[in-house]
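Dumping the structure here so I can ask a few things about it.
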Amino acid sequence: MLSTRGQKNARSDAMASYNNKQKEPYHKATNPTGEVNFANAVNYLIKDDIMNFMREQKNLIEPVHLTYNDGPAGSFRLRNAMATHINETFNPTFEVTSEHVTFAPGITALNEMVAKNLADDGDAWLLGMPCYGAFNYDLKMTTGCDIVHVTFGEVDQFGLCAVEKYEAALISARKAGSRVKGLVLCNPHNPLGHCYPVETLKALLKFCDKHKLHLISDEIYALSVFKTTDAVQPAPFTSVLSIDPTDLIDANYVHALYGMSKDFGAPGLRLGCLITRNQELTNATRAIGRFHWPSEMSSAVTIRILEDRTFATELLERGRKMLAESYALATDILNNAGIKYYKGGNAGLFIWMDLSPFLGTPTKEKDGWALEKDLNTRLSKAGVLMSSGAPYHNETPGWFRLVFSREKDLVEEGLRRVIEVVKDMKNTSSGVMRLDLEFEV
């Protein structure tokens, strides 16, 4: 009945996390046994600010928003508003204009569109491990592309030595017959919450220039960088747009992605944009944009937010302050419980948490990844939804992504449940290190 392509899509697990009926969410007063969602990377801490702003807007929806307006790349007004925002916050080395900006319904769509326009069937993209789990769908599902995952072992993937790992993976892939077209970064990193230092970015640009690779920088968490005492001398966010490409790389090989989902706490707007000086890529992306037309209703909201520079600036500052407070709350609980986590992060909405000591001992029948899945099932039964390390292509099992950008009582209750589960695992597993899992809030 279906084409070969359709059959493959029908068998895909791309909708697995959406097909299950959502459980009633936790609420301290009305549903204290409800599910705690630590899986979806949304900044819930600023939702009231956004909602109040929208309620205050007069004539938010205008007749033009019921039309096709300026076409599928986003209206001129929308692209101008985003260009102004990028110029004020990303410190680009050139003036970003509406002609550099192309909108689509989210970065998910843009990953697919850019991959289609830069790579042919069978071509591949370099991605460091761990990496954002949905890249596996975004870059592969409809594009015919493949992914070459790069392992780092004990090497700091944000340091200069990481370039050698990327180069080794590239050489190995080419020897195996892969045509690698580019390197995809998530900066700040998802799930590690670490910003790439400027010197590392320059080295990666040189690496891409040497091998004629495109560099795509997903910068969706760019302005969600917060203060923390965990990270020692954390790197600030540096956009690839802020690095002068002279003597590093042809600017036509450098592309940034940004949108409204994370910094502005509004993934439901489904608006993301490509920013590039590559006119041919812009033309190609806009051409297939007719199949990825952004909503004019979402555009109307986004324009109001971005054009009100005072509100946008204050919202972002408030968001960073609240992220710092929520991160401190969550990590204090984890530290008091003796649960380890990646401490190099100072950005994003999540903590990369190490629950590997509670997996138990792998056997011939059940390896570490199967044990990780078992632990995730137990967490789910306890009413905690989290993403585990396997979909993020972590190098070792037992790591989980904890989204901390939630209300204080929800973070406390969710972590209480996590600790209860791992305490039980500690008591029933042999050979697991002793940890202090007493917990008070």
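The values are calculated or read from the model by the stated rules, or taken from the named source; none is laboratory data. All figures in this text were calculated on a predicted structure; none of them were measured in a lab. Cβ sites come from the backbone with ideal geometry, for glycine too, and all protein chains shown count toward neighbours.
Counting only residues that are aliphatic (A, V, I, L, M), more than 23 Å from residue 242 (Cα to Cα) and not in a helix (DSSP H, G or I), how many does segment 39-98 have?
6
Output the residues belonging to segment 322-372 that are β-branched (Val, Ile, Thr) and surrounded by 17 or more Cβ atoms within 10 Å (Cβ to Cβ).
Selection gives 331, 333, 339, 351.
Within segment 1-43, take every residue that is at pLDDT 90 or above and among the aromatic types (Phe, Trp, Tyr) and give me the one that is farthest from residue 140 (Cα to Cα).
Filtering segment 1-43 for residues that are at pLDDT 90 or above and among the aromatic types (Phe, Trp, Tyr), the one farthest from residue 140 (Cα to Cα) comes out as 26.
In segment 301-337, how many residues are in contact with a helix residue (DSSP H, G or I) (Cβ under 9 Å, 6 or more places away or on another chain) and either small (Gly, Ala, Ser) or not in a helix (DSSP H, G or I) (or both)?
6
May I ask you to list pairs of residues, at least six apart or on different chains, whose Cβ atoms are under 7 Å apart, with the first in segment 41-59 being farther than 13 Å from residue 266 by Cβ and the second being not β-branched (Val, Ile, Thr)?
57/304
Looking only at residues in segment 174-200 that are closer than 19 Å to residue 130 by Cβ and of a type in the set (A, V, I, L, M), which one is surrounded by the fewest Cβ atoms within 10 Å (Cβ to Cβ)?
185
From the list 292, 255, exactly one residue is touching a residue at least 24 places away in the same chain (Cβ under 8 Å), buried (at least 23 other Cβ atoms within 10 Å of the Cβ) and of a type outside the set (Ser, Thr, Tyr). Which is it?
255
Quick check: anything in segment 128-151 under 23 Å from residue 90 (Cβ atoms) and more than 20 Å from the chain's Cα centre (by Cα)?
No; the residues of segment 128-151 include none that is under 23 Å from residue 90 (Cβ atoms) and more than 20 Å from the chain's Cα centre (by Cα).
Would you be able to tell me the number of residues in segment 24-45 that are among the charged types (D, E, K, R) and surrounded by 14 or more Cβ atoms within 10 Å (Cβ to Cβ)?
Of the residues in that region, 1 qualify.
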